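Shown next, in C-alpha cells, is the structure this report addresses.
The values are calculated or read from the model by the stated rules, or taken from the named source; none is laboratory data. In this text, all values refer to a predicted model and were calculated from it rather than measured experimentally. Methodologically, a virtual Cβ is constructed for each residue, glycine included, from the backbone with ideal geometry; neighbour enumeration extends over all protein chains shown.
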Number of protein chains: 2
Amino acid sequence: MSKNVIGVGLLGMGTVGRGVYRILTENRSGIEQKVGVPVEIKKILVRDTAKNRGVQLEEGVLTADVDEVINNPDIDIVVEVMGGIKPALPYALKALKNGKSLVTANKDMVAEHGKELFEAAEANNSDLLFEASVAGGIPIIRPLKECLAANRIQQVIGIINGTTNYMLTRMSKEGLDFQTALAEAQALGYAEADPSSDVEGYDAARKLAILASIAFNTRVSLNQVYVEGITRITAEDISYAADLNYVVKLLGIAKESEAGVEVHVHPAMLPKTHPLAPVDDVYNAVFVSGDAVGDVMFFGRGAGELPTASAVVADIMSAARSKLKHVPGLYNCTCFDEKPVKSMGLTSTKYYIRLNVDDRPGVLASIAFVLGNNDVSLASVIQKHTTGQAAEIVLVTHRVLEQNLQDALKIIKELSTVNEIANVIRVEE
Amino acid sequence: MSKNVIGVGLLGMGTVGRGVYRILTENRSGIEQKVGVPVEIKKILVRDTAKNRGVQLEEGVLTADVDEVINNPDIDIVVEVMGGIKPALPYALKALKNGKSLVTANKDMVAEHGKELFEAAEANNSDLLFEASVAGGIPIIRPLKECLAANRIQQVIGIINGTTNYMLTRMSKEGLDFQTALAEAQALGYAEADPSSDVEGYDAARKLAILASIAFNTRVSLNQVYVEGITRITAEDISYAADLNYVVKLLGIAKESEAGVEVHVHPAMLPKTHPLAPVDDVYNAVFVSGDAVGDVMFFGRGAGELPTASAVVADIMSAARSKLKHVPGLYNCTCFDEKPVKSMGLTSTKYYIRLNVDDRPGVLASIAFVLGNNDVSLASVIQKHTTGQAAEIVLVTHRVLEQNLQDALKIIKELSTVNEIANVIRVEE
C-alpha cells in the first residue's frame, strides 16, 4: 500500500525543534514536491504543553506523553531533538523498536551509544540518520558516507566548535584575553553559563568521534579521543603564532595511515595559507583528504536554530523517501572494521613551545641539548621580551614523536634556568 | 533474486575512465564492503583495443563494439566518460532504454540534453547520476539534491573552472598578463591548445546551468546563461581590485528571488573577506545560500583523473545499491517547475569601470552627470596615472540595474573627453 502522507513526531521543542517545525511549515510545498507526499508533524513531546513556543501550533499537537509520539501509528519518523542521554536514548531505542525511522541531532547520544542505536535500527529495518549531530547545517555525514565512498579517507580535520572558534577569532583579531573573549561569547549567547563542554574540547571530541567512525569505518568511542581545550591559550601565544605565519584554532584531527588511526582534539597552529585558516567567528569547516579526491572542505554555520534544522529536515526527507519506497537502512552503520586507536605518545607533529627562562648565556644551549638528546630537532627559535633577569624563548620543532617531546619537557621543566614552560601548542601543517 | 555482483561497463578510457578503473581496482575491498557485493568492470568501449592504456587490464575487457557494453546482460551500470555529445548521447539513451543505470561525467551532455536523459531514465526506471559533471571530485550535486533539500536555495556562486582560476591567480600573485598566464596554463596541461571553452566561460556556463537547474528546481538551458569570459581582464584591473580590497574571479552566479531567476558567468570582483576569495590555483568552490542553512561552501579539486573519478565511482556505488535494493530513480529529475530566467539587463549589481580620459577639468563631472541621469550612483572614484594629457579614472558604482549602466556607458563612450572605456567588471558582494 502506498502511503499518502508521512507523519513526523518530535521529541523536544527547544531551539532545533522549533527550527524543524518552522522549515516543515514554511517550506511545506517544496518539501512535498521533493518527497512526493506531504510531510506532517503529528505530535511533539514537551514537558509543559501550556508554554508559549513562539510558533503557531495546531491544537492538540503538543503532548507530555512520549507514547503518543513513539507508539503512534500515524508517525513514521521520530525526530529526537531533546539532547542529552536520558531520556533521549531509551526513547530513541523504543522508537526504532516500534519500526519508526529515527532522525537525531544529538551528538552525545550518537557518539556514546552509536552501537546500540545502529543495532536497533538494523534489527528493525529502520533508518538512523544524524547529519545534524556534527557541524550543524553543513553537509558532512552524508557526503562522507556517500559522495566520498570511493575513497580511503586519510584525514579529517575540523573546526567543529563554533563557540571556541568565535573566542579564538576575537582573541586573534582584537587581542582579547581568554576570559574577556569568553565573557563576550556568553553575552552573545554563543557560550553557556558553564562553558566547559565547549572550552575544554568535549563538544568537539564527540563530533570528532562520529566523523572518525564514518571516515575510517571503525567505531571510535569518545574515550579514545585525546582532548585538550583552549583554556591555556593566551593572546601572547596567538601573537607569536601570527609572527610565525600561523593562526590558532581548536581542531578535531582524525588520521589513518599504515601506522594506525589517531583521533585528537586540541588547539593547534595552522599555516595562514591552509584552507581552514580563514574560517572565523562561529563558522565551522571540515577538511577531508582522500586517496582519490585529494583535499575537499565543507564550510558553513555549525549551530543555530535554522542551520541545524536544515540538516534535520533533510534527514526527515531522506527517511520519508526510504519509507515510501520500503528501503530503509540503505546507509546505516558503516563500521565494518575494528581498528585500534594509537595512543597520543605515538603520534607525531610539530610543536610550538613557549618558555620563561633566566636571561643568561647558555640557557638556550642547555634546552637544545635536552631536546636533541630526545630526538627533538628545532625548526626555529625566537627570543623576545627580555626584561633584565627573565627572557621568553619560543621554539618550533620539526615533526617529532609526541612521546619524545613529553620526555624532553619533563627534563626541561626541572632545569634550574627554566622558570616555566608557559605553553606547548601543536602545529598542524 | 538477489544479485551477487554488480557489473559495470565503461564508455571511454581517457583520463577519467582510467581513474575509474584504478579506483575500482585499488579500493576494491572497501567498495565491496560498502556496496555489499563486488563491483566489477566487465567491458570498456574504446576506439583502439590494441592501444596501451597505462593500467593492467584483463584479457578481453576492451571492446570496440558499443553493444558489448550497453546491450550486455552482465552489465548493470553504464559509465559514460567519453565526453562530447555524439556519440555519447545516443549511447547513453540506449543504455537507459536497456534498463542500465547511467553514471556520467559529461557536463556538455547533461547541460544540453538533461531533459531527454531524465525522461529516458524515468521511463525505464533507471538511475541517472552525474556528480562528476560539475566541480570534479567536490560533492555538490548530491548535497544540493539531498542535504540541502529542506531549503529554498537563494543563490549559488561558484568558481567552477580550474583553468581560469589558475590563470587569474597567477595574474594576481605574479602580475602576469593574460597571454603569459594562458601560456603557462597550457604548458602545465591546465589549458588546452584551443582554450576558448575555458577562457570564454562556456565550460563554467554548462556547469552553472546544471547547478541552477538543481538549486531552483527548474530546467535552465545553456542558452539562458549569460556568458562573458576573462579575455579582457588585465593585470591593471587586478591591481586596482587589490587596492579596493577585492580579488578578481571568474564566477558562475545563479540567484532566485521574488523578482525571478538569474544565471550568469563572468569575471567579478569579490571582497577579500568573502569565503570564495582565497580559493586559488586550480581549486574550485561552490558557495550556496539557503533560507534555512544560511551560507555553506564546498571546496576541492574541480578536475583531474582521480578527483573526477572519485565522484564517478561514488555514483557507481550509489547506483549499485539502488540496483541491489530494486529502487533506482530515488533522486532523479527535480525540475518540477518552469521558471523564466531574467534578461541580464534586469539584474543588478555594483560595477567597476575603468576609463581613459583627457586630463582636464570637468571631465569627471561630465561622466558623473551621465551616470546620475541614468540612476547610476557612485560609491568611489580613483584617479591615477596622469601622464600629461591623459588620465585614468576608476569608478565603483553602488548597486544599480545593468540596463541603466549599459545605457549610461553608451553615452559616456561618445563623450569627446573619454578616449576609451577600458573595462567594466561586475562587483559581487
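So the values come out like this:
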quantity: Residue pairs meeting the criteria (Cβ under 8 Å; at least 6 apart or on separate chains; first over 18 Å from A:D281 (Cα atoms) and among the acidic types (D, E), in segment A:237-254; second at pLDDT 95 or above and not in a helix (DSSP H, G or I)); calculated: A:D237/A:V248; A:D237/A:Y352; A:D237/A:R354; A:D237/A:N423; A:D237/A:I425
quantity: Any hit, segment B:213-223, residues being β-branched (V, I, T), surrounded by fewer than 21 Cβ atoms within 10 Å (Cβ to Cβ) and either more than 14 Å from chain A (Cβ to nearest Cβ) or part of a strand (DSSP E or B) (or both); calculated: yes
quantity: Which listed residue, of A:I393, A:I367, A:I412, is assigned to a strand (DSSP E or B) and among the β-branched types (V, I, T); calculated: A:I393
quantity: Residue list for segment A:286-327, restricted to those being surrounded by 24 or more Cβ atoms within 10 Å (Cβ to Cβ), more than 8 Å from chain B (Cβ to nearest Cβ) and part of a strand (DSSP E or B); calculated: A:V286, A:V288
quantity: Sole residue being more than 19 Å from the chain's Cα centre (by Cα), among the small types (G, A, S) and outside the structural domain of A:V247 (by TED's automatic domain parsing), chosen from A:A292, A:A311, A:A320; calculated: A:A320
quantity: Boolean, B:S126 is at pLDDT below 95 and either assigned by TED's automatic domain parsing to the domain that holds B:G14 or under 22 Å from A:D295 (Cα atoms) (or both); calculated: yes
quantity: All positions within segment B:108-151 that are farther than 10 Å from B:I210 by Cβ, away from chain A (no Cβ under 14 Å) and touching a Lys or Arg at 6+ places or on another chain (Cβ under 7 Å); calculated: B:D108, B:K115, B:A120, B:N124, B:S126
quantity: Per-region count, segment A:33-58, residues surrounded by 19 or more Cβ atoms within 10 Å (Cβ to Cβ) and within 14 Å of chain B (Cβ to nearest Cβ); calculated: 4
quantity: Residue satisfying condition, being surrounded by fewer than 23 Cβ atoms within 10 Å (Cβ to Cβ) and farther than 30 Å from B:R142 by Cβ, within set A:D74, A:D108; calculated: A:D74
quantity: Any hit, segment A:83-99, residues being of a type outside the set (A, V, I, L, M, F, W, C), more than 14 Å from every other protein chain (Cβ to nearest Cβ) and within 20 Å of the chain's Cα centre (by Cα); calculated: yes
quantity: All positions within segment B:249-295 that are in contact with a Leu (Cβ under 6 Å, 6 or more places away or on another chain) and among the basic types (K, R); calculated: B:K249
quantity: Test result for B:V279, at the interface with another protein chain (Cβ under 10 Å from one of its Cβ atoms), part of a loop (DSSP other than H, G, I, E, B), among the aliphatic types (A, V, I, L, M) and in contact with a helix residue (DSSP H, G or I) (Cβ under 9 Å, 6 or more places away or on another chain); calculated: yes
quantity: Failed condition for A:R360, given (1) modelled with pLDDT under 95; (2) part of a strand (DSSP E or B); calculated: (2)
quantity: Selection from segment B:150-196 of residues that are outside any loop (DSSP other than H, G, I, E, B) and basic (K, R); calculated: B:R170, B:K173
quantity: Test for A:E174: is it of a type outside the set (A, V, I, L, M, F, W, C), within 16 Å of A:L208 (Cβ to Cβ) and surrounded by fewer than 19 Cβ atoms within 10 Å (Cβ to Cβ); calculated: no
